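Structure, as structure tokens:
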Ligand SMILES: O=c1[nH]cc([C@@H]2O[C@H](COP(=O)(O)OP(=O)(O)OP(=O)(O)O)[C@@H](O)[C@H]2O)c(=O)[nH]1
């Protein structure tokens, strides 16, 4: 017997679970679903950086798992299944995706990242309805995801290792099993518990309800374009309703966006129109209502992108995150009084920030989320405040001239700021304020990426390094921490070196870092075993890069090396939107661009750097190392 009528719709169908996960099997068996298990052979190796959000990665992997099984079963002339279900669970923390650990060290790395913090668990699910027609496999794919927030307590090293030694982490996303020993690590769970375990049962049933019980014609005609979901719960549905999946398909096939064709992704509790995934009435010019497919959520998200960015920028400029770190939770009226803004405007800004996941809103007032405390307050080690202010004050005016930049193929500083600087960096150095703002922005990104850049390769063979254009020294300080025998010289323009003292870390690691002023295009370069160019080459056109690389090559002895830190594009330049948007960013303000691994290889080769190694770090900067032979 199946308690839920929605699951009853699957009773007569051949259902296949394309997963080896014993937890998924158990969750679905427990609710009376009858199915076969055919584990997917799809390797979970999709390029993570090509997805703009972690849930997209989980959804795509789930889809590929299910597709592989559907195709394999069809090709092998086994009876084609009616429904194939695939799922993929990932953990997302600090913009990183964690899957199952490969060994104990990996489990330790993951659990240490989660320690004392909140993270998100996403499970992507794909439901594929299959039909075999003239021996051709036809498929209708529905996909969705669910997000659950989980917070770990502060855990000691000893406890972490004891847990790792239990063996439990090894086949679990993020390295823990919330349903067993791992439950002891968890302080709270916000959202669907089973989603963390590996399968969002509630959302799955709602999705089936949407598929098998689409809204009746009567309901559709009376709904407004922006109506909330037509199927919000599945409990009150009875088998007596007259619709079926095939009827619904005919109405839902259109997707004017050209984007994913079914199953708009949404989080639980979000009741926007996107959530329905159903036909909604649109009136044509004659006032006759016609069916359109679900809303093009990705396009709508992109259309809204600039509003979300600006809300973040303004909240940062007003130092709302600093304020809430000290005084939260606080009411809108108190925040408005303290920062000197209108109550009505502040309240809307705070609500928008809460909806974007930057703040939490409770009856006590607004408070920072963990990631706002870490990244959005102005004084934290990993603060992005400097870069956000730079984005608002410098990049935003440049980007408003993107159309000119694309038409003319050149930077737009003259339009954005009313003056044409011959030298790229002159813009920054004409005022102390702008200079410090730019340095703070570079410092933010350098801090966030420094550990991954420093550890992408083993650099312990080098005794001295010179960070050309090393700005505030953030990478240099990280390097001397990771490699205690290394001495690093930061070489940058006099205007930069004059302002570095503000960014110096306190503590005993300052001695192996020295600052030397000079222009790497004109002056002699300091002697070193390792020359570092982090976010430098992307500022310049190839001709200028050749000037710089030939200077580095001339002072680089055999056995010495060059290390580049840049966003490395894939060779076809089609995947990594962060890097491709960064390349537009370089267009509006420099003569440079982001380049692919092969392009960097070709540039280096011309200057005697041959054995080029590239590491994609998963962070904002990738690393290229080449030892001169
Ligand atoms: O708290 C828990 N979190 C996660 C799990 C289990 O972790 C894995 C996640 O891995 P994946 O989604 O890749 O699924 P696989 O096990 O590899 O099986 P597939 O055949 O579907 O690829 C999943 O098993 C979760 O159940 C957990 O148990 N507790």
Could you tell me which numbered condition residue 20 fails, if it satisfies all but one of (1) more than 13 Å from the ligand (Cβ to nearest atom); (2) in a loop (DSSP other than H, G, I, E, B); (3) surrounded by fewer than 19 Cβ atoms within 10 Å (Cβ to Cβ)? (1)
If we ask which residues in region 454-504 are surrounded by fewer than 19 Cβ atoms within 10 Å (Cβ to Cβ), under 29 Å from the mean Cα position of the chain (by Cα) and within 17 Å of residue 382 (Cα to Cα), their number turns out to be 1
Among the residues of region 612-627, is any surrounded by fewer than 19 Cβ atoms within 10 Å (Cβ to Cβ), in contact (Cβ under 8 Å) with a residue 40 or more places away in the chain and in a helix (DSSP H, G or I)? no
Need the failing condition index for residue 516 against (1) outside any helix (DSSP H, G or I); (2) touching a strand residue (DSSP E or B) at 6+ places or on another chain (Cβ under 8 Å); (3) closer than 20 Å to residue 608 by Cα, just the number. (3)
Being assigned to a loop (DSSP other than H, G, I, E, B) and surrounded by 15 or more Cβ atoms within 10 Å (Cβ to Cβ) is the filter here, so list the residues in region 357-381 that pass it. 358, 369, 377, 378, 380
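Being near the ligand (Cβ under 8 Å from one of its atoms) and modelled with pLDDT of 95 or more is the filter here, so list the residues in region 162-178 that pass it. Don't jump to the end; show me each part of the working.
Let us first name the residues in region 162-178 that are near the ligand (Cβ under 8 Å from one of its atoms), namely 171-174, 176-178.
Answer for region 162-178, where residues must be near the ligand (Cβ under 8 Å from one of its atoms) and modelled with pLDDT of 95 or more: 172, 173, 174, 176, 177, 178.
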If residue 21 satisfies all but one of (1) under 18 Å from residue 121 (Cα atoms); (2) in contact with a strand residue (DSSP E or B) (Cβ under 6 Å, 6 or more places away or on another chain), what's the number of the condition it fails? (2)
Taking region 452-478 as the region of interest, how many residues are more than 20 Å from residue 537 (Cα to Cα) and part of a helix (DSSP H, G or I)? 3
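Could you list, in sequence order, the residues of region 36-50 that are more than 14 Å from the ligand (Cβ to nearest atom) and modelled with pLDDT of 90 or more?
The first filter runs over region 36-50 and keeps only residues more than 14 Å from the ligand (Cβ to nearest atom), leaving 47, 49-50.
Selection gives 47 alone.
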Residue, nearest to the ligand (Cβ to nearest atom), within region 23-35, restricted to residues that are under 19 Å from residue 198 (Cβ atoms) and part of a loop (DSSP other than H, G, I, E, B): 35
Residue within region 122-145 that is over 30 Å from residue 14 (Cβ atoms), modelled with pLDDT of 95 or more, within 13 Å of the ligand (Cβ to nearest atom) and within 20 Å of the chain's Cα centre (by Cα) present: no
Being touching a residue at least 60 places away in the same chain (Cβ under 8 Å), within 16 Å of the ligand (Cβ to nearest atom) and under 22 Å from residue 207 (Cβ atoms), is that true of even one residue in region 102-120? yes
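Taking the conditions exactly as written (buried (at least 19 other Cβ atoms within 10 Å of the Cβ), within 25 Å of residue 96 (Cα to Cα) and modelled with pLDDT of 95 or more), does residue 186 satisfy them or not? Give the derivation first.
Values: buried (at least 19 other Cβ atoms within 10 Å of the Cβ): no; within 25 Å of residue 96 (Cα to Cα): yes; modelled with pLDDT of 95 or more: yes.
Here the answer is no, as residue 186 does not meet what is asked.
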Could you check residue 53 against (1) modelled with pLDDT of 90 or more; (2) within 16 Å of the ligand (Cβ to nearest atom) and say which number it fails? (2)
Residue 86 being part of a helix (DSSP H, G or I), buried (at least 16 other Cβ atoms within 10 Å of the Cβ), within 13 Å of the ligand (Cβ to nearest atom) and modelled with pLDDT of 95 or more: no
Pick from region 89-101 the residues that are near the ligand (Cβ under 8 Å from one of its atoms) and more than 17 Å from residue 117 (Cα to Cα): which of them is surrounded by the most Cβ atoms within 10 Å (Cβ to Cβ)? 89
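The values are calculated or read from the model by the stated rules, or taken from the named source; none is laboratory data. Predicted model, so just to flag it, every value in this text is computed and none were measured. Note that we place each Cβ from the backbone using ideal geometry, even for glycine, and neighbour counts take in every protein chain shown.
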